[in-house]
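Data block below; observations after.
The values are calculated or read from the model by the stated rules, or taken from the named source; none is laboratory data. Computed from a predicted model, the values in this text were never measured in an experiment. Because the Cβ atoms are built from the backbone with ideal geometry, glycine has one as well, and the counts that use them run over all protein chains shown.
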Amino acid sequence: MKKLFKVGFLVVLVVIVTALFFNYKRLNIITGFAAKSLASGVFVANRTQASVESSDNDFSPIDLADNKIDLENQTVTSSVFGLMERKAKFFNGLGAVLLNDNDSRSEIPITPQRKKRTVNLPFPYGVLPQKDTVFNNIDYQALEKAINAAFDFSGVKDKRTRAVLVLYKDQIIGEQYANGFDRDTRLLGWSMTKSITATMYGILEKKGLIRLDSKTGLKEWAQDQRSQITYSDLLHMNSGLEWDEDYYSMSDVTKMLYLSSNMSDIQKEKPLVGEPNKTWNYSSGTTNLLAGELMRQQFKSQQAYLNFWYQEFLDKIGMHSALIEVDQKGYFIGSSYGWATARDWAKFGLFYLHRGYWNGEQIIDSTFVDYITTPTQTSEGRYGGHFWLNKSGYYPDVPKDMFSANGFQGQKVAIIPSKSLVIVRFGLTEDPKFGFNEFLKSIVESIN
């Protein structure tokens, strides 16, 4: 019996040592992801540690991390067998910030000043329940079937959908949540946050504070061809700058999100590998340069910069649950870390369905909607200005005028103007496992 125990122990030890050997270089990212994900899940989304660890952090090698929560100080500390300890701390109004040892700052004192208003109007423009409306052209049974098909049942982890919400002509016609989630749960949009970042540039342009076709003016780019890069090139992901967007390896994006204190810097330091306005390359670093240093320089103070996102947009359209997390520099992580309820994300889609008009105010010029839905010339019709497009028929059974905010692991706010539809889906799986073409098609076909 002792011999069997020793053999079993040695096998386990070999497995552990082997795992550490192959993952050691990635331990910083493993523990950084674990700490940040858990801190946001607990302190931003108000979920339990068990819930986050059993779903969001349940994949290899992230599940190697051991996590400790300090509820009093609102921190999470993660390590792997005591190695490569990382800490994330929650700051009210700013979200969970992953702290780096090489940065002495542990506090970020300036927080956004919000303007949350109670508007006594029905949803989506106010806090009152929406008016009861039955549309004769909707097959509600088919719609319910389409929504149900997006979810797992009986403990299966396949489609892993957390929320689906369908808006038709400003009315919620379908809404469903997985166990543990509801209409008040903040959900992480991942790269859907990029589309919010683009919106802020639309507002800057409407206010006459910036021209999208102007050069960035970054001093670090002044002496080479990067000086020719415009804000528009960056919004179109068409700058020609080097970038590796791979979430499953030690890539530019994972180093930025889990090793960097200032997430604007990493893209700013990259060389050109193509030509501005001629080389499309999807890059979260590009977005964080836009959301961070380039946008911050438009404002006289950090307070004005932080206020702008909420006072001029998110709170204006009633996205009061929204929270955009920041890095240690205090810059918004506009590439990845936007949170809101499914209903508030649906308001974002509705805002674009109505071409930037919200309850009596034209917040962005309607021409900006044309701008973000015009394909970048080198993206094969798939990408516009920080929005994904269906003009090339990528989803063959969905109207080609659909455009969407998309995020890692299958987050989506799809806007279909020809059908007066906004479709929201949150989950942990994406194509081909989830099957977005069939999902969107079945919803569209339920409306005659």
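Remarks
- Top-ranked residue in the range 68-84 [being under 21 Å from Tyr248 (Cα atoms) and in contact with an Asp or Glu (Cβ under 9 Å, 6 or more places away or on another chain); ranked as surrounded by the most Cβ atoms within 10 Å (Cβ to Cβ)]: Ser78
- Residue list for the range 416-434, restricted to those being farther than 21 Å from Arg183 by Cα and in contact (Cβ under 8 Å) with a residue 12 or more places away in the chain: Ile416, Pro417, Ser418, Lys419, Ser420, Glu430, Asp431, Lys433, Phe434
- Any hit, the range 190-200, residues being over 23 Å from Ile363 (Cα atoms) and either out of contact with any helix residue (DSSP H, G or I) (no Cβ under 7 Å at 6 or more places or on another chain) or at pLDDT below 95 (or both): yes
- Those residues of the range 70-88 which are within 24 Å of Gln409 (Cβ to Cβ) and either within 21 Å of the chain's Cα centre (by Cα) or not in a strand (DSSP E or B) (or both), in sequence order: Ala88
- Arg425 vs. criteria within 28 Å of Gly318 (Cα to Cα), under 20 Å from the mean Cα position of the chain (by Cα) and charged (D, E, K, R): yes
- Residue check: Val156 meets all listed conditions (1) in a loop (DSSP other than H, G, I, E, B); (2) in contact with a Phe, Trp or Tyr (Cβ under 6 Å, 6 or more places away or on another chain); (3) of a type in the set (A, V, I, L, M) but one, namely (2).
- Every condition in (1) within 24 Å of the chain's Cα centre (by Cα); (2) buried (at least 19 other Cβ atoms within 10 Å of the Cβ); (3) assigned to a strand (DSSP E or B) is met by Ile173 except one, and the failing one is (1).
- Note on the range 32-69: residues that are in a loop (DSSP other than H, G, I, E, B) and touching a Gly at 6+ places or on another chain (Cβ under 7 Å) amount to 3.
- Counted residues, the range 269-299 - those being farther than 28 Å from Phe90 by Cβ and of a type in the set (Lys, Arg): 2
- Candidates Asp315, Asp233, Asp244 - the one that is surrounded by fewer than 17 Cβ atoms within 10 Å (Cβ to Cβ), among the acidic types (Asp, Glu) and modelled with pLDDT of 95 or more: Asp244
- Sole exception among (1) closer than 16 Å to Ile333 by Cα; (2) part of a loop (DSSP other than H, G, I, E, B) for Tyr258, by number: (2)
- Some residue of the range 370-387 being farther than 27 Å from Lys278 by Cα, modelled with pLDDT of 95 or more, more than 21 Å from the chain's Cα centre (by Cα) and surrounded by fewer than 23 Cβ atoms within 10 Å (Cβ to Cβ): no
- Test result for Ser232, part of a loop (DSSP other than H, G, I, E, B) and among the small types (Gly, Ala, Ser): no
- Residue count for the range 38-62 under the criterion of being charged (D, E, K, R) and surrounded by fewer than 17 Cβ atoms within 10 Å (Cβ to Cβ): the result is 1.
- The single residue among Ala65, Ala96, Ala88, Ala35 that is buried (at least 20 other Cβ atoms within 10 Å of the Cβ) and free of Cβ contacts under 8 Å to residues at least 40 places away in the same chain turns out to be Ala65.
- Boolean, Met250 is in a loop (DSSP other than H, G, I, E, B) and outside the structural domain of Ile324 (by TED's automatic domain parsing): yes
- Single match in Arg226, Arg211 (criterion: of a type in the set (Lys, Arg) and not in a helix (DSSP H, G or I)): Arg211
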